[in-house]
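Bear in mind that the values in this text are calculations on the coordinates, not laboratory data. Given the structure is predicted, the values throughout are model-derived calculations rather than measurements. Here Cβ is always computed from backbone atoms with ideal geometry, including for glycine, and neighbour counts include all displayed protein chains.
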Amino acid sequence: MGIISSLKESLGTWINRIFKKKRAKIGLYGPPNAGKTTLANRILHDWSEGESFGEASPIPHETRRAMRKEGVVINANGSSIELDIVDTPGMATKVDFKEFMIYGLSEVESKKRAKEATEGVIEAIKWLDDLDGVLLVMDSTEDPYTQVNVVVIGNMEARKLPLLIVANKMDLPNASPARIKAAFPQHAMVPISALEGSNIDNLYQAIAAHFG
């Protein structure tokens with residue numbers, strides 16, 4: 001009986017190891033208006049029955065507090081990974097309230113938003129201590145070699161966090177994911193359109209492979 005019990009226990013452990021889902025806490029980072037919330041909503045729409053993080057907006061720093069969704073299971077290329085996803089505020093070296101006034105906000109509201117956005121950047125940096133990996137979302141129509149991108153990537157490299165670059169907005173005519181790859185060749189990159197869902201399956205496969 002002892003041998004049979006031992007065999008059953010070993011078989012149970014082996015089955016659990018084979019079928020147990022991998023789990024990772026992943027943060028979405030990047031400059032304001034790169035498409036982080038649009039991508040976060042796309043992932044939730046595809047894998048969590050249409051949930052969302054919130055509305056995307058053309059106004060920068062619309063997301064000013066980190067938002068988290070737990071237990072998002074992605075199945076891709078024969079692999080399964082369970083994600084806790086953290087959508088973070090846009091990273092910036094400086095937040096000027098005048099940025100918001102361009103969009104018609106009052107000076108009072110603009111200063112309030114600027115204060116909240118600055119606090120959001122600090123919060124996003126603190127989240128790095130509690131993550132297993134990062135999706136760094138960049139606008140592929142913009143010059144990738146900015147101070148913000150360089151500082152963010154340097155910070156993540158110093159922390160030895162697994163990093164996958166998402167070259168977003170590939171649907172736009174002036175998009176150049178190749179320019180992002182040339183700027184940061186040391187990191188894996190997947191071009192997508194979070195808005196249209198273009199190439200999104202390849203991103204899911206990369207997420208499963210990269211963070212699993």
*Alpha-carbon radius of gyration plus Dmax, which is the widest Cα pair, for region 22-211 in Å*: 15.8, 52
*Taking the Cα centre of region 91-212 as origin, sum charge times position over the Cβ atoms of Lys and Arg (+1) and Asp and Glu (-1), and report the length of that vector in debye to the nearest 20.*
260 debye
_Counting other beta carbons within 10 Å of each residue's own, what order do Tyr29, Tyr145 fall into, fewest first?_
Tyr145, Tyr29
*In which sequence would Thr88, Thr93, Thr146 go, from the one with the fewest C-beta neighbours within 10 Å to the one with the most?*
Thr93, Thr146, Thr88
*aspartates and glutamates within cross-link reach of Lys126: Cα-Cα under 18 Å, excluding same-chain residues under 8 positions apart?*
Asp84, Asp87, Glu116, Glu157
